[in-house]
1. Taking the criterion of being crowded, with 17+ Cβ neighbours inside 10 Å, of a type in the set (A, V, I, L, M), at pLDDT 50 or above and over 16 Å from the mean Cα position of the chain (by Cα), would at least one residue in the stretch 1-22 satisfy it?
2. Which members of the stretch 23-75 meet the condition of being closer than 22 Å to residue 147 by Cα, surrounded by fewer than 19 Cβ atoms within 10 Å (Cβ to Cβ) and either of a type in the set (Gly, Ala, Ser) or touching a strand residue (DSSP E or B) at 6+ places or on another chain (Cβ under 7 Å) (or both)?
3. Determine if the stretch 91-110 includes at least one residue that is in contact (Cβ under 8 Å) with a residue 60 or more places away in the chain, buried (at least 20 other Cβ atoms within 10 Å of the Cβ) and either in contact with a Pro (Cβ under 9 Å, 6 or more places away or on another chain) or not in a helix (DSSP H, G or I) (or both).
4. Which condition from (1) of a type in the set (A, V, I, L, M); (2) without any contact (Cβ under 8 Å) to a residue 24 or more places away in the chain; (3) surrounded by fewer than 19 Cβ atoms within 10 Å (Cβ to Cβ) is the one that residue 115 breaks?
5. Give the residues of the stretch 87-109 that are in contact with a Lys or Arg (Cβ under 8 Å, 6 or more places away or on another chain) and of a type in the set (A, V, I, L, M, F, W, C), sorted by residue number.
6. So, in the stretch 84-120, of the ones that are within 18 Å of the chain's Cα centre (by Cα) and of a type in the set (Lys, Arg), which residue ends up farthest from residue 37 (Cα to Cα)?
7. Which residues, taken from the stretch 128-146, are within 22 Å of residue 74 (Cβ to Cβ) and either of a type in the set (A, V, I, L, M) or without any contact (Cβ under 8 Å) to a residue 40 or more places away in the chain (or both)?
8. For the structure I just gave you, tell me whether residue 118 is modelled with pLDDT of 95 or more and among the aliphatic types (A, V, I, L, M).
Amino acid sequence: MTLGSWRVDPLLDKAPVNVHEVDTCPRLERKLARERTAILNGSDVQLLNRELRRALADSFPGLPADALDRSEDVIRWSALGERCKAARGVRGIREMSVLTGIPQYRLRAIEAGRISEIHPALTQRYFRYLGIEGWVAQWCRANRELAQRAGLLDRVASPTRRRGAGKRQGDEDAR
């Protein structure tokens, strides 16, 4: 689904969704046109979620009430998936799988935001390989609840965290 120049991949039960142009506020349109990987604030997510639901309800009047239960997650995760795609550049999923040792289906799950298929340690490895750990830490702070459910909060180091911070006393002696 396209929201302005921003693409929200249809993840709801992997069912295809027709592409609709959705009217959002001009400020949000400009923000998303400037940067597809912009980390959205809560009100931006709510606005997009409301517009997404409206567009789908208009297109599919018999849509079950629970069909859009994950729509806010899809909106929030889209920036993260786009950041991964941009960081890997022209490299395909197959090449990234070989380079990182992460199965292709796991890489696709990470980029698509299929939380039930995400393995946190592999996700951390992928972010580290792409060099986007600092950005992901910012995304996690802005999307705390979703990051927690995806197992990212304990895995992604804060860019401001000092090396060695949090070590227990005596860890130095164990070397």
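1. Scanning the stretch 1-22, I find no residue that is crowded, with 17+ Cβ neighbours inside 10 Å, of a type in the set (A, V, I, L, M), at pLDDT 50 or above and over 16 Å from the mean Cα position of the chain (by Cα), so the answer is no.
2. 36, 38, 42, 43, 67
3. No, the stretch 91-110 contains no residue that is in contact (Cβ under 8 Å) with a residue 60 or more places away in the chain, buried (at least 20 other Cβ atoms within 10 Å of the Cβ) and either in contact with a Pro (Cβ under 9 Å, 6 or more places away or on another chain) or not in a helix (DSSP H, G or I) (or both).
4. Of the numbered conditions (1) of a type in the set (A, V, I, L, M); (2) without any contact (Cβ under 8 Å) to a residue 24 or more places away in the chain; (3) surrounded by fewer than 19 Cβ atoms within 10 Å (Cβ to Cβ), the odd one out for residue 115 is (2).
5. Residues satisfying the conditions are 93, 96, 99, 102.
6. Among them, the one singled out is 106.
7. Hits for the stretch 128-146 are 130, 132, 136, 137, 140, 141, 142, 144, 145, 146.
8. Judged against the criteria, residue 118 is not a match.
The values are calculated or read from the model by the stated rules, or taken from the named source; none is laboratory data. Predicted, not measured: the structure shown is a model, and the values here were computed from it. When we count neighbours, we look across all protein chains shown, and the Cβ atoms used for this are built from the backbone with ideal geometry, even at glycine.
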